[in-house]
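**Student:** I have a structure here, written as structure tokens, and I will follow up with some questions on it.
The values are calculated or read from the model by the stated rules, or taken from the named source; none is laboratory data. All values reported here derive from a predicted model rather than from experimental measurement. As a convention, Cβ positions derive from the backbone with ideal geometry for all residues, glycine included, and neighbour counts pool all protein chains shown. Surface accessibility is based on the protein's heavy atoms, side chains included, excluding ligands, DNA and RNA. Shrake-Rupley method; radii C 1.70, N 1.55, O 1.52, S 1.80 Å.
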Amino acid sequence: MSTPLAIIVHGGAWYIPAEEQESHKAGCREAAVAGFEVLRRGGSALDAVEEAVVCMEDDPTFDAGVGAHLNQDGVVQLDAGIMDGSTYQVGAVAAIERVQNPICVARHLLTSEHNMIVGAGATIYAQACGVPLCNPEDLVIEREHNRWLEYKERGEPPSETVFTGSSVKGTVGAVAIDRAGDIAAGTSTGGTPFKPEGRVGDSPLPGCGYYADNALAGVSVTGHGESIIRVQLARSAADFCAKLQAPAAAEAAMHMLSDRVAGKGGLILIDRAGRVGYAYNSSEMARAFMVERMDEPQVEI
Ligand code: GLY
């Protein structure tokens, strides 16, 4: 049986000021087009998700790869995870340094003996896999250096409050379904601004920041990691797809995040029939999706 192709990407659920909305839309559009092209050429959902996430890690608009938020030590530490809905295999890295594309390291781990590697070990693993390393400063852009100076002066804000703060950047993620009906999901982030060294949010944790199960759905999540972890948002959203179609499942999961832990954020998903859904309770969430009958992705904030 041949399944209709679909991809959806997000560039974070936060406050995105008007003057930054075009760059967020452009980045999401480019990622959706690149990922869909992989699917159209017969690539797997995993290939498409990796490609789309790499696009957004390479785009300094987002809080992932180059342009990510700095931690309290002024260092970029990145988290990423990817899951294959046909095998339940997971690959993830956390607090990795000196790598612009942690999703590629996560992809290597997916077929390894281990699910997750953190810190210095993750950088060593990346090098062993042939994922290019960079200098730590290559990931730092002026906007984020200035933000770090500001936070250093003022101290770390409560993490919930950064959602309404001035132009904090967003986690990125993608979900895709390929011709074979295989679903994949992946998420990548620099985490919250001025986070303590080693702080890890939801993004690299399967079931929290992403989840994929061919029998249910693929999900990628963005938002306040500490709240998202408490309700295992990605897995919960996938479970809602047992009874609900993608749009309703996304809304139900977001209600759960709001009602149970007063969390802020958003999610994208594709259910087993290839239907696309998304929901968020922040003021904005950058996203784009493309399904087989479309010539261009639908891009929204
Ligand atoms: N959702 C990204 C983070 O909290 O790190």
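**Student:** Among the residues that make up region 123-131, is at least one of them within 19 Å of Leu205 (Cβ to Cβ) and in a strand (DSSP E or B)?
**Tutor:** Taking every residue of region 123-131 in turn, none turns out to be within 19 Å of Leu205 (Cβ to Cβ) and in a strand (DSSP E or B).
**Student:** Inspect all residues belonging to region 124-139 and state whether any of them is open to solvent by less than 10 Å² (accessible area, probe 1.4 Å) and at pLDDT 95 or above.
**Tutor:** First, the residues of region 124-139 that are open to solvent by less than 10 Å² (accessible area, probe 1.4 Å): 126, 139.
Still in the running and at pLDDT 95 or above: 126, 139.
Looking through region 124-139, at least one residue is open to solvent by less than 10 Å² (accessible area, probe 1.4 Å) and at pLDDT 95 or above.
Conditions (1) β-branched (Val, Ile, Thr); (2) assigned to a loop (DSSP other than H, G, I, E, B); (3) in contact with a Leu (Cβ under 6 Å, 6 or more places away or on another chain), marked per residue:
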site: Thr192; (1), (2), (3): yes, yes, no
site: Lys195; (1), (2), (3): no, yes, no
site: Gly198; (1), (2), (3): no, yes, no
site: Val221; (1), (2), (3): yes, no, yes
site: Asp239; (1), (2), (3): no, no, no
site: Leu244; (1), (2), (3): no, yes, no
site: Ala250; (1), (2), (3): no, no, yes
site: Met256; (1), (2), (3): no, no, no
site: Ser283; (1), (2), (3): no, yes, no
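**Student:** So which of Arg199, Arg260 ends up being open to solvent by 10 Å² or more (accessible area, probe 1.4 Å), in contact (Cβ under 8 Å) with a residue 24 or more places away in the chain, within 12 Å of the ligand (Cβ to nearest atom) and not hydroxyl-bearing (Ser, Thr, Tyr)?
**Tutor:** On the way: Arg260 fails: within 12 Å of the ligand (Cβ to nearest atom).
After applying the criteria, what remains is Arg199.
**Student:** Criterion first (open to solvent by 10 Å² or more (accessible area, probe 1.4 Å), touching a strand residue (DSSP E or B) at 6+ places or on another chain (Cβ under 8 Å) and part of a helix (DSSP H, G or I)) does Glu226 satisfy it?
**Tutor:** Details: open to solvent by 10 Å² or more (accessible area, probe 1.4 Å): yes; touching a strand residue (DSSP E or B) at 6+ places or on another chain (Cβ under 8 Å): no; part of a helix (DSSP H, G or I): yes.
Considered against the rule, which asks whether it is open to solvent by 10 Å² or more (accessible area, probe 1.4 Å), touching a strand residue (DSSP E or B) at 6+ places or on another chain (Cβ under 8 Å) and part of a helix (DSSP H, G or I), Glu226 comes out as no.
**Student:** Okay, next question. For the structure I just gave you, tell me whether Glu113 is open to solvent by 70 Å² or more (accessible area, probe 1.4 Å) and not in a loop (DSSP other than H, G, I, E, B).
**Tutor:** Values: open to solvent by 70 Å² or more (accessible area, probe 1.4 Å): yes; not in a loop (DSSP other than H, G, I, E, B): no.
No; evaluated as a whole, the condition is false for this residue.
**Student:** Can you tell me how many residues within region 61-108 are part of a strand (DSSP E or B), open to solvent by 10 Å² or more (accessible area, probe 1.4 Å) and of a type outside the set (A, V, I, L, M)?
**Tutor:** Taking region 61-108 as the starting set, the residues that turn out to be part of a strand (DSSP E or B) are 78-84, 89-96.
If we keep only those that are open to solvent by 10 Å² or more (accessible area, probe 1.4 Å) as well, we get 84, 89-90, 95.
Filter again for of a type outside the set (A, V, I, L, M), leaving 84, 89.
Adding up the residues that qualify gives 2.
**Student:** Give Ala234, Ala217 a once-over and let me know the one that is small (Gly, Ala, Ser), more than 15 Å from the ligand (Cβ to nearest atom) and open to solvent by less than 20 Å² (accessible area, probe 1.4 Å). Quick ask: steps written out before the conclusion?
**Tutor:** Values: Ala234 fails: more than 15 Å from the ligand (Cβ to nearest atom).
From the options Ala234, Ala217, the qualifying one is Ala217.
**Student:** Can you name the residue in region 141-166 that is at pLDDT below 90, of a type in the set (Ser, Thr, Tyr) and within 16 Å of the ligand (Cβ to nearest atom) and is also nearest to Asp84 (Cα to Cα) among such residues?
**Tutor:** Ranking the qualifying residues of region 141-166, first place goes to Ser159.
**Student:** From the list Val66, Val105, Val53, pick out the single residue that is away from the ligand (no atom under 16 Å from the Cβ), in contact with a strand residue (DSSP E or B) (Cβ under 9 Å, 6 or more places away or on another chain) and of a type in the set (Val, Ile, Thr). Let's see the steps before the verdict.
**Tutor:** On the way: Val66 fails: in contact with a strand residue (DSSP E or B) (Cβ under 9 Å, 6 or more places away or on another chain); Val53 fails: away from the ligand (no atom under 16 Å from the Cβ).
That would be Val105, the only listed residue that is away from the ligand (no atom under 16 Å from the Cβ), in contact with a strand residue (DSSP E or B) (Cβ under 9 Å, 6 or more places away or on another chain) and of a type in the set (Val, Ile, Thr).
**Student:** For region 202-214, name all the residues that are more than 13 Å from the ligand (Cβ to nearest atom), part of a loop (DSSP other than H, G, I, E, B) and in contact (Cβ under 8 Å) with a residue 40 or more places away in the chain. First the steps, then the outcome.
**Tutor:** Here is the first cut: in region 202-214, the ones more than 13 Å from the ligand (Cβ to nearest atom) are 206-207, 211-214.
After this cut, where a residue has to be part of a loop (DSSP other than H, G, I, E, B) as well, the list is 207, 214.
Asn214 - this is the single residue of region 202-214 that is more than 13 Å from the ligand (Cβ to nearest atom), part of a loop (DSSP other than H, G, I, E, B) and in contact (Cβ under 8 Å) with a residue 40 or more places away in the chain.
**Student:** What are the residues in region 11-60 that are within 17 Å of the chain's Cα centre (by Cα), assigned to a loop (DSSP other than H, G, I, E, B) and either crowded, with 24+ Cβ neighbours inside 10 Å or of a type in the set (S, T, N, Q) (or both), if any?
**Tutor:** Those that are within 17 Å of the chain's Cα centre (by Cα), assigned to a loop (DSSP other than H, G, I, E, B) and either crowded, with 24+ Cβ neighbours inside 10 Å or of a type in the set (S, T, N, Q) (or both): Gly11, Gly12, Ala13, Trp14, Ile16.
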